1. Which of the numbered conditions does Arg3 fail, given that it passes all the others? Conditions: (1) open to solvent by 50 Å² or more (accessible area, probe 1.4 Å); (2) of a type in the set (Lys, Arg); (3) at pLDDT 70 or above.
2. Evaluate the following for Leu76: is it of a type in the set (A, V, I, L, M), within 21 Å of Ala57 (Cβ to Cβ), at pLDDT 95 or above and in contact with a Phe, Trp or Tyr (Cβ under 8 Å, 6 or more places away or on another chain)?
3. Name, by its number, the condition in (1) open to solvent by 30 Å² or more (accessible area, probe 1.4 Å); (2) over 26 Å from Gly74 (Cβ atoms); (3) under 17 Å from the mean Cα position of the chain (by Cα) that does not hold for Glu195.
4. Looking only at residues in region 147-191 that are under 17 Å from Leu209 (Cα atoms) and without any contact (Cβ under 8 Å) to a residue 60 or more places away in the chain, which one is surrounded by the most Cβ atoms within 10 Å (Cβ to Cβ)?
5. Quick check on region 167-190. Is at least one of its residues on the phi > 0 side of the Ramachandran plot and in contact with a helix residue (DSSP H, G or I) (Cβ under 6 Å, 6 or more places away or on another chain)?
6. Limited to region 240-260, what total is found for residues that are open to solvent by less than 10 Å² (accessible area, probe 1.4 Å) and either closer than 12 Å to Gly159 by Cα or charged (D, E, K, R) (or both)?
7. Would you pick out the residues in region 213-235 that are surrounded by 19 or more Cβ atoms within 10 Å (Cβ to Cβ) and either small (Gly, Ala, Ser) or touching a Lys or Arg at 6+ places or on another chain (Cβ under 8 Å) (or both)?
Amino acid sequence: MARAGLSSEPENARPGMPAPEEAGAVAAKADNENFPVALRLLPARHRRHLMAVYVYARTVDDIGDRAPVADRLGLLDELEADLRRLYETVEHGSESTASPRAPKLLAIKGLSRTVIDCAVPIRPFLDLIQANRQDQTVSRYETFEDVVGYCRLSANPVGRIVLYVFGQFTEARAELSDSVCTALQLAEHWQDIGEDYRDGRIYLPQTDLREHGCEEQDLAASRAAPRLRQLMTFETERAKKLLDQGAPLVGTLRGTARLAVAGYVAGGRAALAAIKAADYDSLTATPRPGKAKTLTELARALATGR
């Protein structure tokens, strides 16, 4: 008997993989992200592609975070196998869902048009899966460089996919995009230090914790101690520098691509500003940017090209 796996059928869906009727709920999570996943001003074809990518990335993350621990690696393996089936189908010039080699999972089937229309290579999608595999075995990072290495898998691939979606991918733009996406990932980590700690993970570099006199137990408090606030000030400024380093990407783009990427930069700046406004205390409450601040930063990015 074949092992029960990630099925496209609701009654057989494994924990951690949204069933078809839950896809709308997965997509609705986009409204809670720091950045606009599919800005309403974008053409419908771009919104569809960006949302397909979001549903895939959200599904991978949900497996890595919410599925039963003992099942996570197996589920990620099944997701990768189905992703490879999609690319095999595309390479053979077939989009038929009737083929036994066609992808079976909702999140993968949803990528079909994006992969075909935008010529997105498989590597960024594989890297997102690998990031979640790493989350199952690595819960602490010794240095900032180690955290950045994780972001290369967990965040940077999304920016590269976005460039493909808009037909704007070049290696030079990809390097700028990597800085933006790493900064966005860091901003999310710094917003969620308490939640991550409760989940058994710490993304704050161990060397930085020691240098600021912090201990892991500080992350379990209901309010950030002064020494932790000092550390968060340091980490937030470091993320801001990375974001500013990559922001000139906006100026290399035109039209809808410029609008979309400016939205990502604006979301990152607004998130980091929210951490600062909370006096660098992400434990009392999760710092979230308001829409007004995000729109102000969007206008700034569009006007300056960075």
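1. If we test Arg3 against (1) open to solvent by 50 Å² or more (accessible area, probe 1.4 Å); (2) of a type in the set (Lys, Arg); (3) at pLDDT 70 or above, just (3) comes out false.
2. Details: of a type in the set (A, V, I, L, M): yes; within 21 Å of Ala57 (Cβ to Cβ): yes; at pLDDT 95 or above: yes; in contact with a Phe, Trp or Tyr (Cβ under 8 Å, 6 or more places away or on another chain): no.
No: the conditions fail for Leu76.
3. (2)
4. Out of the qualifying residues, it is Leu186.
5. First pass over region 167-190, keeping only residues on the phi > 0 side of the Ramachandran plot: 167.
Pick out the ones that are also in contact with a helix residue (DSSP H, G or I) (Cβ under 6 Å, 6 or more places away or on another chain) and you get none.
No, region 167-190 contains no residue that is on the phi > 0 side of the Ramachandran plot and in contact with a helix residue (DSSP H, G or I) (Cβ under 6 Å, 6 or more places away or on another chain).
6. Narrowing region 240-260 to residues open to solvent by less than 10 Å² (accessible area, probe 1.4 Å): 243, 246-247, 249-250, 253, 257, 260.
Checking the rest, the ones that are also either closer than 12 Å to Gly159 by Cα or charged (D, E, K, R) (or both) come to 246, 249, 257, 260.
Total meeting the criteria: 4.
7. Cys214, Asp218, Ala224
The values are calculated or read from the model by the stated rules, or taken from the named source; none is laboratory data. If you're wondering where the values come from, they're calculated on a predicted model, not measured in any experiment. We place every Cβ from the backbone using ideal geometry, glycine too, and count neighbours over all the protein chains shown. Ligands, DNA and RNA are stripped out before the accessible areas are found, and what is left, the full protein with its side chains, is counted by its heavy atoms. Shrake-Rupley method; radii C 1.70, N 1.55, O 1.52, S 1.80 Å.
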